[in-house]
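Student: Take this structure first; my questions come after.
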Amino acid sequence: MTTESSTAESSTDPATDPAAADAPAVVARLRAAYATGRTKPLDWRLGQLAALRRLLTEQSEALTEALHADLGKGPAEAYRTEIGFTLNELDHTVRHLDEWLRPKPAAVPEGFLPAEARAVREPLGVVLVIAPWNYPLQLALAPVVGALAAGNAVVVKPSELAPATSAAIARLLPRYLDPGAVAVVEGAVAETTALLEQRFDHIFYTGNGAVGRIVMAAAARHLTPVTLELGGKSPVVVDAGTDLAVTARRIVAGKFLNAGQTCVAPDYVLAVGGTAPELEAELAAAVRERYGDDPSADPEYGRIVNDRHFERLTALLGDGRPVTGGGHDRATRYIAPTVLTDVSAQAPVMREEIFGPVLPVLTVPDLDAAIAFVNGRDKPLALYAFTESQTTKDRLAAETSSGALVFGLPVSHLAVPALPFGGVGESGMGRYHGEYSVETFSHTKAVLDKPLH
Ligand code: NAD
């Protein structure tokens, strides 16, 4: 279903499958707009970013309502992790864009002199952004910030599993942004498949690895580069001799945000040495401190996105003994913030990404064992550690590989726009945010200029 484009809608033959019919028309229209060259000047790019800023501020209430309808997100969390987050990313980009687009002089070998060389960023053309449901606004629009800043036309495909936010994006983007160069295509597998048959100049996909493989295979047909922002299990190593009250409060804040449905949520804890019992007690206390005795009554505590994920998650609750939580309500898709102990490393909860409010705590005897545990599994999107020891930090940095390595404050790295955000191995490929987004959505062209005389 194409919601944005009157051109595409009017050119659709209603006798044919609208998903299949719309995709070529949408891409052709954006390609024509891109070919005019109008997306390239800095003024157009900054104008689009200013318009997106207006959208986010003027429509903040409608967006907050949509996020609540889709995921039960409270207004404070919706602002912090979706609207405000995207505004920060946008403002950082606007502040630095001129500097990021400046040609970078390159040294010329003596034998070629006199000559000048530079690396120049140019837009790629028409790019596709495919977004997931868990941060349905942020993960659709933060890549769009980068795509527009780099001077591209962009097709956005929001997640059908967050239908209210998807509809809001489809309604609002064409109203605020250049509708010839920015298109929103709503829909699920059929619509995305039809889009993936088209030739794009970059595909930016956020979601699970199974679909990531489908996206990459489709992109290969056109030799289109991809960014895959995937997930996986992000461990938290808690070293002996750490302040466990502070540690627990910070783990709880990162884990139960969006009811645990965060790609970089702490997935499980590796408690080193004898820290587990005290840490578990502190985690239970931190949950009570943050959400009260009845987290279901806290307007800032979210709900599980749909019945399928609710069933999947409640089945994991039996994989250990709850230190806190364990309660759930099918009707409202509520699952209490839950900490599990006595969990086997082979249990289902330890085999798949949890992506919900369930936190297993496992004990490992020492740092060697923690490092071996992490290295024995897929490279995580984030590795977190709480430690007072510089040696431990150095060892984790040198002996493990992950999309990000964060000490002391899980999840926070994604809100530092000057840091790259992305995975490695099974957790993804490529990176974005700030200048890394502009790099992702640009081609860096080599220019060498040798005078004739
Ligand atoms: P999802 O189900 O919303 O799917 C993501 C997108 O893929 C949607 O737009 C959907 O329409 C599309 N899609 C689904 N099936 C498809 C198919 N067969 N062909 C083509 N397109 C298809 O979201 P999800 O995958 O459940 O998202 C959760 C996963 O995403 C988790 O693994 C999480 O860790 C990861 N994630 C990663 C990041 C990150 O930034 N690295 C952020 C959020 C989520």
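Student: Mind checking which residues of the range 421-445 are charged (D, E, K, R) and away from the ligand (no atom under 13 Å from the Cβ)?
Tutor: Residues of the range 421-445 that are charged (D, E, K, R), as a first pass: 426, 431, 435, 439, 445.
Selection gives E435, E439, K445.
Student: Kindly indicate the residue of the range 407-420 that is touching a strand residue (DSSP E or B) at 6+ places or on another chain (Cβ under 9 Å) and aliphatic (A, V, I, L, M) and also nearest to the ligand (Cβ to nearest atom) among those meeting that condition. Walk me through how you get there before you give the answer.
Tutor: Quick first cut of the range 407-420, residues touching a strand residue (DSSP E or B) at 6+ places or on another chain (Cβ under 9 Å) only: 407-414, 419-420.
If we keep only those that are aliphatic (A, V, I, L, M) as well, we get 409, 411, 414, 419.
Values: L409: 18, V411: 11, L414: 8, L419: 13 Å.
Of everything passing the filter in the range 407-420, L414 is nearest to the ligand (Cβ to nearest atom).
Student: Given (1) under 30 Å from H222 (Cα atoms); (2) within 16 Å of the ligand (Cβ to nearest atom), identify the lone condition not met by E89.
Tutor: Failing condition for E89: (1).
Student: Another question, if that's okay. Are there any pairs with C-beta distances below 6 angstrom linking a residue in the range 301-317 that is under 22 Å from Q346 (Cβ atoms) to a residue that is surrounded by 19 or more Cβ atoms within 10 Å (Cβ to Cβ) and of a type in the set (A, V, I, L, M), with the two at least 6 apart or on different chains, and if so which?
Tutor: Sorted first by the residue in the range 301-317, then by its partner, the pairs are L313/I335; L316/V349; L316/V358.
Student: From (1) under 24 Å from E82 (Cα atoms); (2) outside the structural domain of Q346 (by TED's automatic domain parsing), pick out the condition that doesn't hold for E300.
Tutor: Condition not satisfied by E300: (2).
Student: Do we have any residue at all in the range 212-230 that's within 10 Å of the ligand (Cβ to nearest atom), closer than 30 Å to Q346 by Cβ, charged (D, E, K, R) and crowded, with 23+ Cβ neighbours inside 10 Å?
Tutor: yes
Student: State yes or no: is T444 touching a Ser or Thr at 6+ places or on another chain (Cβ under 6 Å) and under 30 Å from R102 (Cα atoms)?
Tutor: On the way: touching a Ser or Thr at 6+ places or on another chain (Cβ under 6 Å): no; under 30 Å from R102 (Cα atoms): yes.
For T444, the condition - touching a Ser or Thr at 6+ places or on another chain (Cβ under 6 Å) and under 30 Å from R102 (Cα atoms) - is not met.
Yes or no, residue by residue, for (1) surrounded by 15 or more Cβ atoms within 10 Å (Cβ to Cβ); (2) touching a residue at least 40 places away in the same chain (Cβ under 8 Å):
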{"site": "L42", "(1), (2)": "no, yes"}
{"site": "L46", "(1), (2)": "yes, yes"}
{"site": "E65", "(1), (2)": "yes, yes"}
{"site": "A69", "(1), (2)": "yes, yes"}
{"site": "G72", "(1), (2)": "yes, yes"}
{"site": "G84", "(1), (2)": "yes, no"}
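Student: I'm trying to understand the selection: among the residues of the range 369-393, which are within 16 Å of the ligand (Cβ to nearest atom) and charged (D, E, K, R)? Steps first, please.
Tutor: Let us first name the residues in the range 369-393 that are within 16 Å of the ligand (Cβ to nearest atom), namely 377-384.
Scanning the range 369-393 gives R377, D378, K379.
Student: Exactly one of these conditions fails for A117: (1) part of a strand (DSSP E or B); (2) under 23 Å from P225 (Cβ atoms); (3) of a type in the set (A, V, I, L, M). Give me its number.
Tutor: Checking A117 against (1) part of a strand (DSSP E or B); (2) under 23 Å from P225 (Cβ atoms); (3) of a type in the set (A, V, I, L, M), the one that fails is (2).
Student: Would you mind stating whether A140 is within 14 Å of the ligand (Cβ to nearest atom), of a type in the set (A, V, I, L, M) and either under 20 Å from T64 (Cα atoms) or buried (at least 17 other Cβ atoms within 10 Å of the Cβ) (or both)? Outline the logic, then answer.
Tutor: Working: within 14 Å of the ligand (Cβ to nearest atom): yes; of a type in the set (A, V, I, L, M): yes; either under 20 Å from T64 (Cα atoms) or buried (at least 17 other Cβ atoms within 10 Å of the Cβ) (or both): yes.
For A140, the condition - within 14 Å of the ligand (Cβ to nearest atom), of a type in the set (A, V, I, L, M) and either under 20 Å from T64 (Cα atoms) or buried (at least 17 other Cβ atoms within 10 Å of the Cβ) (or both) - is met.
Student: Please enumerate the residues belonging to the range 258-269 that are aliphatic (A, V, I, L, M) and within 13 Å of the ligand (Cβ to nearest atom).
Tutor: V264, A265
Student: Taking the conditions exactly as written (at pLDDT 95 or above, within 30 Å of L452 (Cβ to Cβ) and assigned by TED's automatic domain parsing to the domain that holds V438), does A78 satisfy them or not?
Tutor: Numbers: at pLDDT 95 or above: yes; within 30 Å of L452 (Cβ to Cβ): no; assigned by TED's automatic domain parsing to the domain that holds V438: yes.
For A78, the condition - at pLDDT 95 or above, within 30 Å of L452 (Cβ to Cβ) and assigned by TED's automatic domain parsing to the domain that holds V438 - is not met.
Student: While we're looking at this one, here's another question. Tell me whether the range 260-276 contains one or more residues that are assigned to a helix (DSSP H, G or I), over 20 Å from the mean Cα position of the chain (by Cα) and more than 19 Å from P322 (Cβ to Cβ). It would help to see each step written out before you state the result.
Tutor: Here is the first cut: in the range 260-276, the residues assigned to a helix (DSSP H, G or I) are 260, 276.
Add one more test, that the residue is over 20 Å from the mean Cα position of the chain (by Cα), and what stays is 276.
Restricting the remaining residues to those that are more than 19 Å from P322 (Cβ to Cβ) gives none.
No, every residue in the range 260-276 fails to be assigned to a helix (DSSP H, G or I), over 20 Å from the mean Cα position of the chain (by Cα) and more than 19 Å from P322 (Cβ to Cβ).
Student: Looking only at the range 349-368, which residues are free of Cβ contacts under 8 Å to residues at least 40 places away in the same chain and away from the ligand (no atom under 16 Å from the Cβ)?
Tutor: The answer is D368, and nothing else.
Student: Continuing with the same structure: Do you know which of the residues in the range 155-187 that are out of contact with any helix residue (DSSP H, G or I) (no Cβ under 7 Å at 6 or more places or on another chain) and in a loop (DSSP other than H, G, I, E, B) is farthest from the ligand (Cβ to nearest atom)?
Tutor: This residue is P179.
Student: Quick check, is A404 within 16 Å of the ligand (Cβ to nearest atom), among the aliphatic types (A, V, I, L, M), touching a Phe, Trp or Tyr at 6+ places or on another chain (Cβ under 8 Å) and within 28 Å of A210 (Cα to Cα)? Before you say what the answer is, go through the steps one by one.
Tutor: Details: within 16 Å of the ligand (Cβ to nearest atom): yes; among the aliphatic types (A, V, I, L, M): yes; touching a Phe, Trp or Tyr at 6+ places or on another chain (Cβ under 8 Å): yes; within 28 Å of A210 (Cα to Cα): yes.
When the stated conditions are applied, A404 passes them.
Student: In the range 231-257, what residues are away from the ligand (no atom under 16 Å from the Cβ), of a type outside the set (A, V, I, L, M, F, W, C) and within 24 Å of P337 (Cα to Cα)?
Tutor: D239, T242, D243, T247, R249, R250
Student: Restricting attention to the range 188-204, which residues are more than 7 Å from the ligand (Cβ to nearest atom) and closer than 21 Å to Y432 by Cβ? Don't jump to the end; show me each part of the working.
Tutor: The initial filter retains those residues of the range 188-204 that are more than 7 Å from the ligand (Cβ to nearest atom), namely 190-191, 194-195, 197-204.
If the condition is that a residue be more than 7 Å from the ligand (Cβ to nearest atom) and closer than 21 Å to Y432 by Cβ, then L195, F200, D201, H202, I203, F204 are the ones that fit.
The values are calculated or read from the model by the stated rules, or taken from the named source; none is laboratory data. Being a predicted model, the structure only gives us computed values, none of them experimental. Neighbour counts run over all protein chains shown; Cβ positions are idealised from the backbone, glycine included.
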